[in-house]
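All of the numbers you see were taken from the coordinates with simple rules; none came from a lab. Keep in mind that what you see is a predicted model, and the values were worked out from it rather than measured. Cβ coordinates were reconstructed from backbone atoms using ideal geometry, including for glycine residues, and neighbour counts include every protein chain displayed.
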Amino acid sequence: MQWPLSYHEKKRLVQLGIVLTLAAWITADALSGGAAHWHRVWMRLPLLLTGSGDGWPLTGGFVLNIFLGLGSMALAAVLGTLLAFGMMAKSRLVRLPCFFIMNFLRNSPWIVLLFAMLYIIPFNVRLFGVSIAVPAFAKALIGLALPTGANFAEIIRGAVQSIHSGQWEAARALGYMPMAIYGRIILPQALRRMIPGWMNLYALLMIATSLATVTGIQDVVTTLNTLLSMENERVIVYFYITTLFLFFAYCYPIALLARRMEQSVKGDAL
Amino acid sequence: MFGLDYSWLSDPVYQGWLLRGTLNTIALALTSSAIAVLIGGFGALALTLRIAWLDALIELFVELFRNTPPLLQMLFFYFTLSTIGLRVTDPATGLSVPLLSAFDCALVSLSLFGGALCIEAFRSGLDSLPRAVTEAARSLGYSRWARFRRIEVPIASRICLPALTNILTNLFKTTSQASVITVPELVYYAGQIYNDTFRTAEVMILVLLIYVTLVSLLSWGLSRIERALAFPGYGKGN
C-alpha cells in the first residue's frame, strides 16, 4: 500500500478496525465475567442449531428454518410461475384475477398470512375417506410460500417485460409460434435477469422464516424463547446476538452474491 | 357465505378494539416511516461526503439491519434495552421499570430497520444520476452544496421513489410483527377478539382485508405522488 491511501483502502482499513474492535470487546468482556455467559451460549448452540441438545436428529432450530426456507421457495416457484404466466395471458379473464391475487398476496403482511393459514387450513383434511392430520410445519410452509410466490411472479413478469420488444417482433417475423417464442427466445434471456431477484427473494424468505414461530413449530425463535425462560437476564443479550448472527451469516453472503450478479446483468439492456 | 359467522362484528367492544388496533398500526407505521426516511436522508447525505470511516460504519449498519429478521431485532430491543441499563425508577411505586415501552421498542427497531433500507435506496438513487448532469452543473458554477440541493436531490429523489414505495409498504406490513412484543396494534387486538369469540378464521380474514386495503391505499397514494413528480426522461415520465 502506498501512503496517501485511496478511499477504498481506507475503508478496508476501517472495516478491519471494526472487526478488531469487536474481537477486542468480546475478549475484554470474556475476561470480565462474560466468559461464563459465552460458555452457556456455546453449550446451548447445538440446541439452537438443530433443536436437540446433542445436535441430532435435525428436527428444529436453525436447520428447520433452512428447511422451511427451501421448501417454501420450491412451492413459491410453482405458484409464482403459474401466476406470472396468468398475468401475462392475453385473455382478460385470466389476467385480471391473477393480478388481483398477486396484489392481495403482496400487500398483506407475512405474519398475518401465516396466522390466517394457521387458522383457515383445517387440522385434519379428509381425502377419499382418509383423514390426514396437517402438521404446523405444512401450514407454515404454505403461509410463507403464498407471499413469496406473489413476489416470484413479479420478478418473472418484470424480467420478461424488460426484454426488448424487438426480440418479439424478430421472432414473429422468423415464423416462431407464440410458445416457441417464450421457450426459445424470451425466457432464456429473461432468466439471466431473474436469478439475482430470486436470490434476493430467497434471502428475504429466509429472514421471514423467523415468523414461523407463531405457528408453534420448533424453529430457532421458538427454541430461543423456551431456552431464555431458563436463563438469567444478562445471558439473554448473548443469546440474542448469537441468533441474530446465525441469520446474518446465512443471508448476507446470498444477498452479496445477488448484488454482484445484478451488477453484471445490468449491462445487457437490449 | 362459506359458513362464516361475522355476528361478533356488531359488538361495540370488538369494534372499538379493531379501531384502536388499526389506529395504533397506522401511528406506528407513520412515525417509523418518518424517522426511517430521515435516517435514510442523513445516511445518504453522509455517504456522498465520501469519508472512509463514516462510510464503513454506515455500511455495517445497513448490512446488519438488512440481513437479520425484523422480528428478532424487535425482540432483541425489547428484552435487552432494559437489561443494559435503560431503566427508570417509577416515582409512584418505587419499582424499576423499563424506560422504553413495548411501543417505543417497536418504533426504535422499525425505524432503524426502515432507515437501513432507506439509506441503501437513496444511495443508489444518487448513484444512478448521469455523470453528465453533475458535470454540467459544475461547469455552470454551482457550488458543491447548491449542486446537491438544486440538481442532485431533485432528480435522485424522483428516481428512488419506486424503491421508497416498496420500503414504506414493507415497513407498514412489518408493523404487524410488533404484536409479538405485545404492542397493542391490529394483530394483537385480533388475537384478543378470537380468544374471546373463537372465530379465528373470520377474524384473520377481516384483518387481512384491513391490511390489504391500508397497504393498497398507501402504495396507490405513493404512486400518485410518483406520477405527479415525474419529469420527462427519468423514471416513469417518458
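General observations
- Compactness of the stretch A:13-101, taken as the C-alpha radius of gyration over 2.2 N^0.38 Å, stands at 1.97.
- Helix B:200-229 and the longest principal axis of the C-alpha atoms of chain B enclose an angle of approximately 20°.
- Close amide H pairs (under 5 Å, H built 1.01 Å from N) link B:Arg87 with B:Leu99, residues at least 5 positions away or on another chain.
- Chain B: angle of helix B:161-174 to the longest principal axis, Cα-based, in degrees nearest 10: 20
- q = 0.06, 0.08 Å⁻¹, the protein assembly as shown: log10 I(q)/I(0) [Debye, one scatterer per Cα]: -0.33, -0.59
- Cleavage-rule hits (chymotrypsin sites (Phe, Trp or Tyr not before Pro)) in the stretch B:1-48: DSSP loop, at most 12 neighbouring Cβ within 10 angstrom: B:Phe2, B:Tyr6
- Annotation: the residues B:Leu99, A:Leu105, A:Leu58, sorted from fewest to most other C-beta atoms within 10 Å of their own C-beta, follow the order B:Leu99, A:Leu58, A:Leu105.
- Whole-Å distance, taken between Cα centres, linking the stretch A:1-30 and the stretch B:61-82: 24
- Alpha carbon centroid spacing (whole Å) that separates the stretch A:84-136 from the stretch B:171-238: 18
- Among A:Ser210, A:Ser72, A:Ser91, residue whose mean-square fluctuation peaks in a GNM of chain A (springs only between Cα atoms under 10 Å): A:Ser91
- Among A:Leu201, B:Gly114, A:Val94 the positive-end extreme of the charge dipole of the protein assembly as shown (Cβ point charges): A:Val94
- Debye log10 I(q)/I(0) for chain B, one point scatterer per Cα, at q = 0.07, 0.09, 0.18 Å⁻¹: -0.32, -0.51, -1.30
- Over the stretch A:148-196, the pair-distance histogram of Cα-Cα distances with 5 Å bins from zero comes to 5, 23, 28, 22, 14, 7, 2, 0 percent, rounded to whole numbers.
- In the stretch B:1-130, the ratio of gyration radius to Kirkwood radius, Rg to Rh, stands at 1.14 when only Cα atoms are counted.
- With Cα atoms, 0 to 90° folded angle of helix A:35-50 axis to chain A main axis: 30
- Under 5 Å, built H, 5+ apart or other chain: amide partners of A:Asp219: A:Gly61
- Using only the C-alpha atoms, the convex hull of chain A corresponds to 201 Å³ per residue.
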